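Notes follow once the structure below has been shown.
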Amino acid sequence: MNHWTDVCALDAIDDEDVLRFDHAGKTYAVYRVEDRVYATDGLCTHEKIHLADGLVMDHVIECPKHNGRFDIRDGRALGAPVCVNLRTWPARVHEGQVQIQLEAAGPHD
């Protein structure tokens, strides 16, 4: 069953920024770009560094450790040193709250 989980108020994330969200022992990265929201796993697939410490440019998150880059819309790794895609999760704004769908049929690859 699909379950939407509240993350924060939309205003808590600036445009082209990322927020770390820890839930049920897992870390997520939640992004806001041009008033749309996105969610991915929160750790870089290269060396498990928190992506919330990274830099968002348009729809790209850059890992703070080795500058690996991912497209936050589909989790696609955009080149070395990252070669494994991030998992993405459905995200939305509902009544001013950012929500992510954690128990969907499966993560979006």
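Overview of values
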| read-out | value |
| --- | --- |
| Cα centroid of the stretch 2-22 to Cα centroid of the stretch 37-70, whole Å | 15 Å |
| From phi via Karplus (6.51, -1.76, 1.60), per-residue ³J(HN,Hα) for the stretch 19-33 in Hz, x at Gly/Pro | 10, 7, 9, 9, 8, 6, x, 10, 10, 10, 10, 10, 10, 10, 9 |
| Contour excess over end-to-end distance, with Cα ends at HIS3 and ARG87 and 0.36 nm allotted per residue | 28.5 nm |
| Of ALA80, LEU102, PHE21, farthest towards positive along the dipole that unit charges on Lys, Arg, Asp, Glu beta carbons give the chain | ALA80 |
| Ratio of Rg to Rh over the chain (Cα coordinates, Kirkwood Rh, two decimals) | 0.94 |
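Just so you know, all these numbers are worked out from the coordinates, no wet-lab data involved. All values derive from a computational prediction rather than experimental measurement. Neighbour counts are summed over all protein chains in view; Cβ atoms, including those assigned to glycine, are modelled from backbone coordinates with ideal geometry.
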